Amino acid sequence: MPVTRSPLLPRPATGRVFSTELRVRLGDVDPSGRLRLDAAARYLQDVSSDDTADVDPNDRMMWVVRRTSLEVRQAPTYRELLAASTWCAGVGSRWAERRVSLVGDRGGSVEASSLWVCIDRASSRPARLPEDFVQRYDVDPDVPRDIEAKLRLPKRPEGLATTLWPVRRTDLDALDHMNNAAYWNVVEELLARRAERPEHLRGDLEYGAGIDPDDQVEVASQEDDEGVLTCWLSVGGSIRATASVHAIDPDGPDGGAPQ
């Protein structure tokens, strides 16, 4: 069954867009000088957090990421200056889709989208978006509003071999669980084992229940005939995250058409 991957909507003509600058640092790149996926994911978190703090200084809302898509159309490199922009690309009743664009002064280009679920701080359950959310973000009325929170990546097939993945102290965040960006470390490791890494790629990562410090994480992966690499992170048989990566044509009609 083919996987449905959401297109990454372009920057809106109207509505709120938050912008800042980031510099690719030494700890963010691999030995070739290319920005790693986990570092790119951390950049997404940083610019998103700065935007949220700007519009919600009283920290009324708590958010949990459900899925993230990254399109590396040209990998940024060490010390490249990135113009980072973020905006709301659509809303549901209890979630919102955030777009982030990273454009480098040397041609680096990463486009991303994350689905965040609004959480009630008292009950820790999904909550309806505040009434003023759409007004605050000035969401374009022509942007689709039927954003879905359901997971789309395939379930893990039976019989795949697994390997242990140690949860390091450096993978944990202030909430004492594995940070969203750290999951991309697994994808980076699997890509490094391939004979050839795609120069231009799209990665989709879906999150389930979190990973705690003492969890025994197992990783299973497979690559299909079309070169799509999929991996699953599980704890005690429970899938905690699924990631899928494939090569793209950066010059395709939407900038990230599959090759």
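The values are calculated or read from the model by the stated rules, or taken from the named source; none is laboratory data. Keep in mind that this is a model prediction, so the values were computed, not measured. As a convention, Cβ positions derive from the backbone with ideal geometry for all residues, glycine included, and neighbour counts pool all protein chains shown.
From the set of residues in the range 236-252 that are within 22 Å of Ala75 (Cα to Cα) and in contact with a Leu (Cβ under 9 Å, 6 or more places away or on another chain), which is surrounded by the most Cβ atoms within 10 Å (Cβ to Cβ)? Give the derivation first.
First pass over the range 236-252, keeping only residues within 22 Å of Ala75 (Cα to Cα): 243-252.
Still in the running and in contact with a Leu (Cβ under 9 Å, 6 or more places away or on another chain): 243-248.
Numbers: Ala243: 24, Ser244: 21, Val245: 27, His246: 20, Ala247: 18, Ile248: 22.
Across the range 236-252, the extreme among qualifying residues is Val245.
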Per the filter on the range 4-17, residues within 18 Å of the chain's Cα centre (by Cα) and not small (Gly, Ala, Ser) are Thr4, Arg5, Pro7, Leu8, Leu9, Pro10, Arg11
The residue from Pro76, Pro126, Pro130 that alone is of a type outside the set (S, T, N, Q), under 23 Å from Asp251 (Cα atoms) and touching a residue at least 24 places away in the same chain (Cβ under 8 Å) is Pro76
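Can you work out which of the residues in the range 18-48 that are of a type in the set (Gly, Ala, Ser) and over 14 Å from the mean Cα position of the chain (by Cα) is nearest to Arg67 (Cα to Cα)? It would help to see each step written out before you state the result.
Our first condition is that a residue be of a type in the set (Gly, Ala, Ser); within the range 18-48, this holds for 19, 27, 32-33, 39-41, 48.
After this cut, where a residue has to be over 14 Å from the mean Cα position of the chain (by Cα) as well, the list is 19, 27, 32-33.
Details: Ser19: 22, Gly27: 25, Ser32: 28, Gly33: 27 Å.
Within the range 18-48, the match that is nearest to Arg67 (Cα to Cα) is Ser19.
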Ala75 meets each of (1) crowded, with 22+ Cβ neighbours inside 10 Å; (2) at positive phi with one exception, condition (2)
Considering residues that are in contact with a helix residue (DSSP H, G or I) (Cβ under 9 Å, 6 or more places away or on another chain) and farther than 13 Å from Arg240 by Cα, the number found within the range 171-181 is 4
Within the range 89-116, of all residues that are in contact with a Gly (Cβ under 9 Å, 6 or more places away or on another chain) and hydrophobic (A, V, I, L, M, F, W, C), the one modelled with the lowest pLDDT is Ala96
Scanning the range 85-122 for residues that are of a type in the set (A, V, I, L, M) and crowded, with 22+ Cβ neighbours inside 10 Å, the one farthest from Asp54 (Cα to Cα) turns out to be Val110
Going through the range 193-235 in order, the residues found to be surrounded by fewer than 16 Cβ atoms within 10 Å (Cβ to Cβ), outside any loop (DSSP other than H, G, I, E, B) and either in contact (Cβ under 8 Å) with a residue 60 or more places away in the chain or among the basic types (Lys, Arg) (or both) are Gln222
Filtering the range 162-178 down to residues that are within 17 Å of the chain's Cα centre (by Cα) and either crowded, with 19+ Cβ neighbours inside 10 Å or assigned to a helix (DSSP H, G or I) (or both) yields Asp171, Met178
Log entry, pairs with first residue in the range 243-254 being at negative phi and acidic (Asp, Glu), second being at pLDDT below 90 and in a loop (DSSP other than H, G, I, E, B), beta carbons closer than 6 Å, six or more apart or on different chains, reads Asp249/Gln259; Asp254/Pro7
The lone condition Gln135 fails out of (1) in a loop (DSSP other than H, G, I, E, B); (2) at pLDDT below 90; (3) over 30 Å from Asp251 (Cα atoms); (4) not β-branched (Val, Ile, Thr) is (1)
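Residue by residue through the range 1-60, note down the ones that are assigned to a loop (DSSP other than H, G, I, E, B) and charged (D, E, K, R). Step through it out loud before you land on a result.
First, the residues of the range 1-60 that are assigned to a loop (DSSP other than H, G, I, E, B): 1-17, 24-25, 30-33, 36, 56-60.
Correct list: Arg5, Arg11, Arg16, Arg25, Asp30, Arg36, Asp56, Asp59, Arg60.
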Taking first residues from the range 28-46 that are more than 16 Å from Ala243 (Cα to Cα) and second residues anywhere that are among the basic types (Lys, Arg), the pairs with Cβ under 8 Å that are 6 or more apart or on different chains are Asp28/Arg36; Asp28/Arg42; Val29/Arg36; Asp30/Arg36
Some residue of the range 153-167 being in contact with a Cys (Cβ under 9 Å, 6 or more places away or on another chain) and among the polar types (S, T, N, Q): no
